[in-house]
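What follows is calculated from the coordinates using simple rules that are stated; it is not laboratory data. As the structure is a computational prediction, the values presented were derived from the model and not from experiment. Ideal geometry is used to build each Cβ from the backbone, glycine not excepted, and the neighbour counts take in all protein chains shown.
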Amino acid sequence: MRFDIVSVFPEFFAVLDLSLIGKARERGILDIAVHDLRDWTDDPHRSVDDTPFGGGAGMVMRPDVWGAALDDTLGDDGVLAVPTPSGTPLTQRMCEDLAAAGHIVLACGRYEGIDARVADHYEESGVRVVRYSLGDYVLNGGEVAAVALVEAVGRLVPGLVGNPESLVEESHGAAGLLEYPVYTRPARWRGLDVPAVLTSGDHGKVARWRRDRALEVTAGRRPDMIEALPAEGLDRGDRRALAGLGYLVPAGAAHPLPASAREAAASDVPGLADLAARTFPDACPPGMREEDMRAFVESHLSREDFSRYVDDPGCLTMALAVGGRILGYALACLPPDGAVAGAERGAPVQAVVDGRPRSGPLVELSKFYLDRRLRGTGAAALLWEATRSRLEEWAAPWPEAYVWLGTNAANERAQRAYRRLGFRFQGQRTFRVGDQDNRDAVFARPIRMA
Ligand code: 6GU
C-alpha cells in the first residue's frame, strides 16, 4: 500500500515513523512518501496561495501549484483523498474501501482551502476523489486528518496489526456497536472493583455481559447506531437488553425503534382509540360474537371515551409510543380516598399476595393492551414499569397500596405475562360483553415491591 502526502508542513509527518505504522514502513508493508508542496512552485517566494475571488477573509491555495504536484504524484492508479471540514465524515466503511485501493494521494490544504477546480478537474479526468472530514469542528489544516486516514486505512492492510482478531471485535466493526468496556489488574483500584462476571470463568456469561454493555454504551452515546442495527442480527438477549434501554423490535420491523411509555395527552386520543379497537378482540374468548365486540369498543373505547379518560383525574391513562406510533396503552382507575376501585366489577377486596393480606387502596388496572407485533419484545415490562411508577407516586400517602386486574380465564398467555409482572392469582369473576358472561381470572399485586 502506497501513500503520497502533499503538504506545506512535511515535518509534521515525522509521527508516521512511530509505532505500528513506523514498523510497517520499515518492513515494507506500507510505503509512505511525504512531499513539500513548495517543491512545485516556480517563483522565488515559493508562494502557494493567493486572495479569494469574490473577496472575503483568508487565502486560497493556488490550482497551478496543486495541479503540478498532483500530476506528479497520482500516477495512473492514485485515489485522491482531500481532508476538508466540508467533506463526508470518515467512517470505518470508507476506510475499508480505501484499504482496497493500492495507492492514495493526500492533498493537505491550509488557509481557507484549495481552489475548488483542483478536485473537480481530477474527478472529471476519471480520478477517484474522496473529500473527507474528521467531524464537525475546524482544524487549521488537513495534516492531522491525513495522519488519521493513514493510520485508520493502514492498520487494515494485511500483516500490519499483529492479531487480526483485534480487527474483528472492535468499535465500528461488523457488529455495528461501540466496544464494551475493558479491564485489567489490579482487580480493585481506588475502591473500584472489576465487574464480578469477568472473573467468574463463565465464558457464556462474559459474552452476554459484554454484548449487553456494548448495547448500553451505544444506546447512550450513539443512538443513531442502535436505530441502524438490522433486526435479524438481534437475539433474545439483545432484545431484552434493548427493551431495558428504551428500544423495542416489533415483529416485522427492520431495526430497533425508540420506545417510551408516558402519561397520555389529548393529542394521543386518536392513536389510543385506534389501538384499543384493534386489540380488544385479541383478549376476548374465541366464541365471542363480532357485533358484541364492536358494540363494546363503541361504548367503552371510542375517541370520546379516551378523551374522558385522559381528562379524568381519577384515571391514569398511559401510552406506549414505539417509533412515534402508539402501540400500547394502560388504563388504571384510581379509587377516591384510598378506597377500592371496581368493587362492583369483582375487585379482590380480600386479596392475599405472597401470604400478606391487602391493606390500603386497591387500584383497578382496567386495560393493559399491546399491539400484536409487540408480543415477546419486552414491551409489557416497559409499559408496566412506567405505569407502576406513576401509581407509586399516586399512592405516596399510604404505606401500602395494591393494584388488581381481571383477564380472560382461557387466555394463558396473558396470565403468564401478568405473573411475570409480579401479579398473583386471586380468584375468578364474570365479565359481561354483550349477552355473554365470560369467566375472568383476577390477579393482584402490591404497587411497591422490594
Ligand atoms: Cl479533514 N480538515 C480540517 N481543516 N478541519 C477539519 C477536518 C479536516 N475534519 C474536521 N475538521
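General remarks:
- Sequence-separation-based contact order of the range 1-155, relative, with Cα cut under 8 Å and 6+ spacing, percent: 30
- Surrounding net charge for residue 121, when Lys and Arg each add one and Asp and Glu each subtract one, Cβ distance under 11 Å: -4
- Full extension of the chain segment joining residue 343 with residue 392 gains 15.6 nm, where the gain is 0.36 nm per residue of separation less the Cα-Cα distance.
- Of all beta bridges that DSSP places with both ends in the chain, some 65 percent have antiparallel geometry.
- Distance between the range 71-98 and the range 412-450 - C-alpha centres, whole angstrom: 63
- Counting charges near residue 321 (Lys, Arg +1; Asp, Glu -1) among other residues having Cβ under 9 Å from its Cβ returns a value of +1.
- Reciprocal mean inverse distance between Cα atoms of the range 2-162 - Kirkwood radius, Å: 16.1
- Cβ-placed point charges (K, R +1; D, E -1), dipole of the range 357-447 about Cα centre in debye, nearest 20: 360
- Here the calculated FRET efficiency for residue 25 and residue 196, from their Cβ-Cβ distance with R0 = 51 Å, stands at 0.70, rounded to the nearest 0.05.
- Theoretical ellipticity at 222 nm over the chain - DSSP helices of four or more residues, -39500 (n - 2.57) apiece, nearest 500: -9000 deg cm²/dmol
- Residues of the range 395-432 with amide N under 11 Å of the 7 Å Cα→Cβ point at residue 299: 432
- Residue 124-residue 165 FRET efficiency (beta carbon distance; Förster radius 45 Å; 0.05 resolution): 0.55
- Equivalent ellipsoid of the range 49-133: semi-axes from √(5λ) of the C-alpha gyration tensor, largest first, are 24, 16, 9 Å.
- Projected onto planes of every orientation and averaged, the convex hull of the alpha-carbon atoms in the range 289-397 covers 8.9 nm².
- Förster radius 35 Å - calculated FRET efficiency between residue 137 and residue 207, Cβ distance, rounded to 0.05: 0.45
- Among 402, 137, a tally of other beta-carbon atoms within 10 Å of each Cβ gives an order, fewest to most, of 137, 402.
- For the range 337-435, the fraction of alpha-carbon pairs in successive 5 Å shells from zero, as %: 2, 11, 21, 24, 21, 13, 6, 1, 0
- Calculated SAXS-style log₁₀ I(q)/I(0) at q = 0.07, 0.14 Å⁻¹ - the chain, Debye, Cα scatterers: -0.59, -1.23
- Rough spin-label spacing in nm, given labels placed 7 Å along Cα→Cβ, for residue 76 and residue 435: 9.2
- Beta bridges per DSSP with both ends in the range 2-162, % antiparallel, nearest 5: 10
- Of 135, 237, 271, the residue with the greatest mean-square motion in the GNM of the chain, using alpha carbon springs below 10 Å, is 135.
- Residue (of 133, 158, 203) at the positive-pole extreme of the range 111-221, dipole from beta-carbon charges: 203
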